[in-house]
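The values are calculated or read from the model by the stated rules, or taken from the named source; none is laboratory data. Computed from a predicted structure; not experimentally measured. Reconstructed Cβ throughout: ideal geometry from the backbone, glycine too, with neighbour counts over all protein chains shown.
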Amino acid sequence: MSAYLPPPEQPAIRHVDADLLIVDKPSGLLSVPGRGDDKQDCLLSRVQVAYPDALAVHRLDMSTSGLLVLARGKAMHSELSRLFRERLVDKRYIAVVDGLPAVEAGEIDLPLICDWPNRPRQKVDHSIGKPSLTRFRILERCPARQCTLVELEPVTGRSHQLRVHLASLGHPILGDDLYGGEATTRAERLLLHAAKIAFIHPSTAARLEISSPPPFSPAAAAQQPPIPL
């Protein structure tokens, strides 16, 4: 396993109030501390310098960038965790995938479970996998680079769900070092970004919606050499 080299840029605060924060995580930074002294630098520890009461409510993969919700205090942590558990949080991701999907929109309904001999990889398992549902729609096709910009809605929140589901369609996310196959080398990072999050604020009862534009586009895909005849 390669050494953990967290990026120097600090997480951007997109929203803060007395109850919670919504923070933009850079790719390559852990959401919470990992195992070992070398993995203590993470989004949570950086945010806690300014907001010591911040607590993680959910996580993003280290390679994924984008919006992450942090509670301020245990009571709000319990409330926000309930919203995520009851699927009352609307989330949208943006990704660049390999190839040109044939349909404009659809659903991926494939059960997932940890591939224990190869963890942290996950896999599709129709016998004992947990129900997992992802909705997707095409935003932009780029035939010249043989890639596509897609919007993703994870209805469930399984580990690596978006990555495994797209790879299972034959359109892995570019830069995915676990499921990308040949598409792994087509980008310098995983081209997956948590771009929008929305929910009813537990204290105000008002809808809170925060967006973050992805720091990439289909142009981030490396131009592939032509296939020889």
Tally, over segment 160-178, of residues that are surrounded by fewer than 21 Cβ atoms within 10 Å (Cβ to Cβ) and free of Cβ contacts under 8 Å to residues at least 60 places away in the same chain: 1
Residue in segment 51-68 that is free of Cβ contacts under 8 Å to residues at least 40 places away in the same chain, surrounded by 16 or more Cβ atoms within 10 Å (Cβ to Cβ) and among the charged types (D, E, K, R) present: yes
Residues satisfying the stated conditions in segment 163-181, i.e. charged (D, E, K, R) and within 19 Å of A219 (Cβ to Cβ): D176
Listing of strands (runs of 3 or more DSSP E) fully contained in segment 1-92 that carry 1 or more residues being under 30 Å from R121 (Cβ atoms): 20-25, 54-56, 65-72
Residue list for segment 125-142, restricted to those being of a type outside the set (K, R) and either crowded, with 16+ Cβ neighbours inside 10 Å or at pLDDT below 95 (or both): G129, S132, L133, T134, F136, I138
Residues within segment 140-158 that are of a type outside the set (K, R), without any contact (Cβ under 8 Å) to a residue 60 or more places away in the chain and farther than 14 Å from G99 by Cβ, tallied: 1
Segment 16-31, residues that are surrounded by 15 or more Cβ atoms within 10 Å (Cβ to Cβ) and not polar (S, T, N, Q): V16, D19, L20, L21, I22, V23, D24, K25, P26, G28, L29, L30
Of residues in segment 33-50 being buried (at least 16 other Cβ atoms within 10 Å of the Cβ) and touching a strand residue (DSSP E or B) at 6+ places or on another chain (Cβ under 7 Å), the one nearest to R163 (Cα to Cα): L43
